[in-house]
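The values are calculated or read from the model by the stated rules, or taken from the named source; none is laboratory data. For clarity, every value in this text was computed on a predicted model and none was experimentally measured. Cβ sites come from the backbone with ideal geometry, for glycine too, and all protein chains shown count toward neighbours.
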Amino acid sequence: MKLTLIKSFAAIALLGFFTQFSAAQEVTPMAAAKQIADIVASINHFPSDEDKAALATISADDSLPQNVRDMATAVSTIAHSANDEGKMAMTRIQASDKAPDWAKSLAGMIANFNHMLSDEQKQKLAKIYP
């Protein structure tokens, strides 16, 4: 009986753990964009290894819109500035009628990134992504 009780508690604990784990994996497009914006605001020439890992997770998340994943990919490859592929992807986002303004603003900053954002750009991101 004691063993059955221990097994029951273990099963409940595992169920709770996996429920929390799967819920924590769901990321909204706006939350992912905020994470990208926070990384862009903190970059000094290129993203850190920790930033690149977070961006890779966003890029690989098929539940997120392609535009958000493209932003994460573009930021992960920044080396002083976005590469040509990243700039083209950001230009497509900015030109899209379907992209929300918050995405267009962030895409513009990524496309024009040069070593780091200005204080004005950082303040703008802080207003868009509080």
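Kindly indicate whether any position in the range 86-96 is modelled with pLDDT of 95 or more, under 17 Å from ALA31 (Cα atoms) and of a type in the set (A, V, I, L, M). Within the range 86-96, none of the residues are modelled with pLDDT of 95 or more, under 17 Å from ALA31 (Cα atoms) and of a type in the set (A, V, I, L, M). Only one of the numbered conditions (1) at pLDDT 60 or above; (2) in a helix (DSSP H, G or I) is violated by ALA10, and that is (1).
Give the residue that is nearest to ASP38 (Cα to Cα), with candidates limited to residues of the range 84-105 that are polar (S, T, N, Q) and surrounded by fewer than 14 Cβ atoms within 10 Å (Cβ to Cβ).
Just the residues of the range 84-105 that are polar (S, T, N, Q), to begin with: 91, 94, 96, 105.
With surrounded by fewer than 14 Cβ atoms within 10 Å (Cβ to Cβ) added as a condition, the list becomes 91, 96.
On the way: THR91: 20, SER96: 23 Å.
Ranking the qualifying residues of the range 84-105, first place goes to THR91.
If I ask for residues that are surrounded by fewer than 20 Cβ atoms within 10 Å (Cβ to Cβ) and closer than 20 Å to ALA31 by Cβ, which ones from the range 106-129 would you list? Passing the criteria: LYS122, LYS124, ALA126, LYS127, ILE128, TYR129.
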